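Enquirer: Have a look at this one.
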Amino acid sequence: MKIVDAKVIVTAPGRNFVTLKITTDEGLHGIGDATLNGRELAVAAYLNDHLIPCLIGRDAHQIEDIWQYLYKGAYWRGGPVTMSAIAAVDTALWDIKAKAAGLPLYQLLGGRSRSGVMVYGHANGRDIEETADEVDRFIELGYKAVRAQCGIPGLASTYGVSSDKLFYEPADADLPSENLWSTERYLDQVPKLFERLRSRFGFEPHLLHDAHHRLTPIEAARLGQSLEPYRLFWLEDSVPAENQEAWRTIRQHTVTPLAVGEIFNTVWQCRTLIEQELIDYVRTTVVHAGGITHLRRIATLADLHHVRTGCHGATDLSPVCMGAALHFDIWVPNFGIQEYMRHTPETDAVFPHDYRFDSGYLLPGETPGHGVDIDESLAAKYPYQRAYLPVNRLLDGTLTSW
Ligand code: EZ4
Ligand code: CO
């Protein structure tokens, strides 16, 4: 089965998405997500200018060989742009192979390991009470797990808090907006938030929190300790992880479970974290970590070390990524949880899909492939709109991690 056409579709039904569509000589097509928030056109150009010319005429069934060809064959390995582009090709080819087999994608991976994929939603508010009310809303919607973020007194804005509660979108401006940050104020506020949430909701709902790469190891250790009475499902991205060994400090000081990895692209970026058992959940997902083919390798290594999966699932990952991730999640033996920020109705209309939410779980459908398609004529009505993630500064103006 030969690849006869591949094209990149950029559309912005409220936010930008990049999608690769591959067509074969047997008339089958498959799609893959290639969205990299704030750097979308770099991946589109990488696909158009460098990968697509190498794909035409290849056997669409040779997923592994094509993956190796694009990864090793480039000489320049890894990085978010390259790996998102490879992921898009890989996802589209898995979609095609599953359609050719007449099976939902999870059947090709090894079949179902569970009846549904537990997801967590995003509750946020300007203060503790508003966040608590939002947690309540997610519990009412049936969620078994909720991530809670709240405003910090004295800071005008912070990561994870937005005016549009259900459809939080961090890429919020034509050029990067600027936020101000104080770790001291943050470390005071977060334990109060979770004390309130446990006193109001008890210990039944899973609660999660994302520190979004803003702390040092010893600060993260202190936060982990101060949150221990509230038994979080996980504390996410407490410290940037370019230096994987640095996580040992956090690990030695707290039993709060640790998650990291949404910005990783390859297994090499989490190998030490996994092999030395410094984390509990790895957050890599299909689009930014080289597709199903590479994500599966990360999960297999993680399984040897008691590390479970917790795929990134923010709104900037398109429904195509979510669909593919759900097939991965329903199969992967060491599944932990799946992040699920709802897409807007406009986005869902551009990407018709067969997955559905039921009582805190997402359920992949039984359609052959990964179950997500793109309505190209509708997509064409939403041209690209430049949008950046914010940048973050300390109170004295020093640029810091966002
Ligand atoms: O900031 O996907 O856990 N979720 C997150 C996200 C990320 C965005 C960046 O594009 O951290 O909200
Ligand atoms: Co995160």
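Enquirer: Looking only at helices (runs of 4 or more DSSP H) that fall completely inside the range 30-101, which ones have 1 or more residues that are over 23 Å from the mean Cα position of the chain (by Cα) and more than 16 Å from G290 (Cβ to Cβ)? If you could, list the steps in order and put the result at the bottom.
Expert: Values: elements: 40-45, 52-55, 63-71, 80-101.
The helices (runs of 4 or more DSSP H) meeting that bar are 52-55, 80-101.
Enquirer: So in the range 320-350, with the set limited to residues that are over 16 Å from T285 (Cβ atoms) and not hydroxyl-bearing (S, T, Y), which one is least open to solvent (accessible area, probe 1.4 Å)?
Expert: Restricting attention to the range 320-350, the residues satisfying the condition of being over 16 Å from T285 (Cβ atoms) are 333, 342, 344-350.
Next, from what is left, pick out any that are not hydroxyl-bearing (S, T, Y): 333, 342, 345-346, 348-350.
Numbers: P333: 82, R342: 56, P345: 87, E346: 88, D348: 54, A349: 49, V350: 0 Å².
Ranking the qualifying residues of the range 320-350, first place goes to V350.
Enquirer: Same structure again: Taking D188 and the conditions (1) over 24 Å from M118 (Cβ atoms); (2) part of a helix (DSSP H, G or I); (3) open to solvent by less than 50 Å² (accessible area, probe 1.4 Å), which numbered condition does it fall short on, given that it satisfies the others?
Expert: All conditions are met except number (3).
Enquirer: Is it the case that the range 225-236 has a residue that's more than 19 Å from W402 (Cα to Cα), assigned to a loop (DSSP other than H, G, I, E, B) and acidic (D, E)? So that I can check it myself, show each step before the final result.
Expert: So the first thing to find is which residues in the range 225-236 are more than 19 Å from W402 (Cα to Cα), and the list is 225-234.
After this cut, where a residue has to be assigned to a loop (DSSP other than H, G, I, E, B) as well, the list is 231-233.
Now narrow it down to the ones that are acidic (D, E): none.
No.
Enquirer: Further question: Show the residue pairs that are 6+ apart or on different chains and have beta-carbon atoms under 7 Å apart, the first residue being within the range 330-343 and under 12 Å from F167 (Cβ atoms), the second being part of a helix (DSSP H, G or I).
Expert: Final answer for the pair search is H343/P319.
Enquirer: Is it the case that some residue within the range 308-316 is surrounded by fewer than 22 Cβ atoms within 10 Å (Cβ to Cβ), touching a Phe, Trp or Tyr at 6+ places or on another chain (Cβ under 7 Å) and within 24 Å of W268 (Cα to Cα)?
Expert: Yes, the range 308-316 contains a residue that is surrounded by fewer than 22 Cβ atoms within 10 Å (Cβ to Cβ), touching a Phe, Trp or Tyr at 6+ places or on another chain (Cβ under 7 Å) and within 24 Å of W268 (Cα to Cα).
Enquirer: Does the range 138-167 hold any residues that are of a type in the set (S, T, Y) and surrounded by fewer than 20 Cβ atoms within 10 Å (Cβ to Cβ), and which are they?
Expert: Kept after step one, since they are of a type in the set (S, T, Y), are these residues of the range 138-167: 143, 157-159, 162-163.
Listed by number, the residues that qualify are S157, S162, S163.
Enquirer: Continuing with this model, one more query. Residue pairs, Cβ under 7 Å, 6 or more apart or interchain, first in the range 50-61 and assigned by TED's automatic domain parsing to the domain that holds A85, second surrounded by 19 or more Cβ atoms within 10 Å (Cβ to Cβ) and among the polar types (S, T, N, Q). List them.
Expert: What qualifies is A60/T24.
Enquirer: Right, here's the next one. Between a residue in the range 219-237 that is within 16 Å of ligand 1 (Cβ to nearest atom) and any residue that is part of a helix (DSSP H, G or I) and not aromatic (F, W, Y), which pairs come within a Cβ distance under 6 Å, given they are 6 or more apart or on different chains?
Expert: Sorted first by the residue in the range 219-237, then by its partner, the pairs are A220/I250; L235/G224.
The values are calculated or read from the model by the stated rules, or taken from the named source; none is laboratory data. Just so it is clear, the structure is predicted and the values come from calculations on it, not from any experiment. Cβ sites come from the backbone with ideal geometry, for glycine too, and all protein chains shown count toward neighbours. In case anyone asks, the SASA skips ligands and DNA or RNA and just uses the protein heavy atoms, side chains included. Shrake-Rupley method; radii C 1.70, N 1.55, O 1.52, S 1.80 Å.
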